[in-house]
Amino acid sequence: MNANNSPWQALREWWADPPRTGIRRILTPWQYRHLRFFAGVGIAFGFVAVGLAVTTLVAGGPDGATYGWTTAFMVLAGVSFAFGYWLLSIARSEDARQRPTG
């Protein structure tokens with residue numbers, strides 16, 4: 001089998017389009033092409049997680065399980081907000097990079 005025609009080589013070529021640098025390579029190519037959409041999804045999911053945390057805190061009893069689930073939902077919301085913000089910052093830097101100077 002020719003090493004240039006291996007499935008791993010094809011996957012590597014697919015993953016490299018569009019070209020990305022650094023940690024941006026963890027994003028799939030389709031996700032990288034639609035950064036603002038996925039940022040919006042992440043931020044919306046963060047609001048849903050905050051809503052679940054508030055609902056759990058209000059409707060739950062005064063026990064450790066309520067506070068544990070509330071904490072888990074708030075951590076999930078924080079991660080979702082951070083991921084959405086990261087995607088938006090990538091989109092802004094890409095826009096600035098493509099903007100003509102002069």
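The values are calculated or read from the model by the stated rules, or taken from the named source; none is laboratory data. Being a predicted model, the structure only gives us computed values, none of them experimental. Every residue, glycine among them, receives a Cβ derived from its backbone with ideal geometry; neighbour counts consider all protein chains shown.
Sort out which residues of the range 1-48 are hydroxyl-bearing (Ser, Thr, Tyr), modelled with pLDDT of 70 or more and not in a helix (DSSP H, G or I), and write them in order of number. Explain how you work it out, then say what you get.
Going residue by residue through the range 1-48, those that are hydroxyl-bearing (Ser, Thr, Tyr) are 6, 21, 28, 32.
Imposing the further condition that a residue be modelled with pLDDT of 70 or more reduces the set to 6, 28, 32.
Scanning the range 1-48 gives SER6, THR28.
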Suppose the filter is loosely packed, with under 13 Cβ neighbours inside 10 Å, modelled with pLDDT under 95 and among the aliphatic types (A, V, I, L, M); does VAL75 pass it? no
Residues of the range 63-77 being in a helix (DSSP H, G or I) and not hydrophobic (A, V, I, L, M, F, W, C), in sequence order, are GLY64, THR66, TYR67, GLY68, THR70, THR71
Just give me the residues in the range 49-68 being crowded, with 16+ Cβ neighbours inside 10 Å and either modelled with pLDDT under 95 or of a type outside the set (A, V, I, L, M, F, W, C) (or both), in sequence order. THR56
